[in-house]
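Trainee: Submitted below is the structure of interest, expressed as structure tokens.
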Amino acid sequence: MQPTAQAMGRREGNASPEGRKKMSHTSGNILLHLIFSTHQELFAYMGGIIREMDGTALIIHGTANHVHMLARIRPAQSAAEIARVVKTNSSRWIHEKWSSDVAWQTGYGVFSVSESNGTAVTRLHC
């Protein structure tokens with residue numbers, strides 16, 4: 001059984017609440033700082049994954065055992081979805097290219113970054 005528009009807190013039809021303007025699309029500016037273990041050769045590949053998800057990889061940098069990724073994402077995508085897709089697709093790529101015994105750690109760190117601190121995060125990791 002599908003919930004009605006009224007039960008979901010929406011008005012029937014396309015009517016906007018009194019005094020509010022309708023917005024024709026969703027807009028957002030979300031910066032995520034993701035951290036998890038990886039191989040350095042994957043950085044360019046991971047940037048491609050973010051582009052395929054209509055995001056922008058601002059930095060992808062790391063050490064021998066982890067990566068820092070600062071990405072601008074769409075509001076419709078959660079940090080968990082971004083991490084899952086990047087880790088799943090990059091894992092598949094590693095298995096095809098190098099070895100089947102490589103596995104990512106289960107967890108990851110993710111931090112929202114204000115627009116004003118984006119440059120500082122970029123400088124810290126580049």
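Trainee: Once you have the Cα-Cα distance between N117 and D54, take 0.36 nm times their residue separation minus that, and quote the gain in nm to one decimal.
Mentor: Full extension from N117 to D54 adds 20.5 nm.
Trainee: Okay, moving on. Given a Förster radius of 25 Å and the C-beta distance between V85 and H61 as r, what FRET efficiency does 1/(1 + (r/R0)^6) yield to the nearest 0.05?
Mentor: Efficiency for this residue pair is about 0.80.
Trainee: For the stretch 63-126, which whole percent of the accessible surface, found with a 1.4 angstrom probe, sits on carbon and sulfur atoms?
Mentor: The C+S portion of the solvent-accessible surface of the stretch 63-126 is 52 percent.
Trainee: To continue, here is another question. Please work out how much length the chain gains when fully extended from R74 to L124, using 0.36 nm per residue of separation minus the C-alpha to C-alpha distance, in nm with one decimal. Present the calculation step by step, with values, prior to reporting the outcome.
Mentor: Details: separation 50, 0.36 × 50 = 18.00 nm, distance 2.40 nm.
Additional length available on full extension: 15.6 nm.
Trainee: Keeping every protein chain present and rolling a 1.4 Å probe, give me the accessible area per residue for the stretch 85-126 in Å².
Mentor: Working: 2850 Å² over 42 residues.
In whole numbers, the stretch 85-126 has 68 Å² accessible per residue.
The values are calculated or read from the model by the stated rules, or taken from the named source; none is laboratory data. Model, not experiment: these values are computed from the prediction. All Cβ positions, even for glycine, are placed from backbone atoms using ideal geometry, and neighbour counts span all protein chains on display. The protein model used for the area step is the full one, side chains on, heavy atoms only, and it has no ligands, DNA or RNA in it. Shrake-Rupley method; radii C 1.70, N 1.55, O 1.52, S 1.80 Å.
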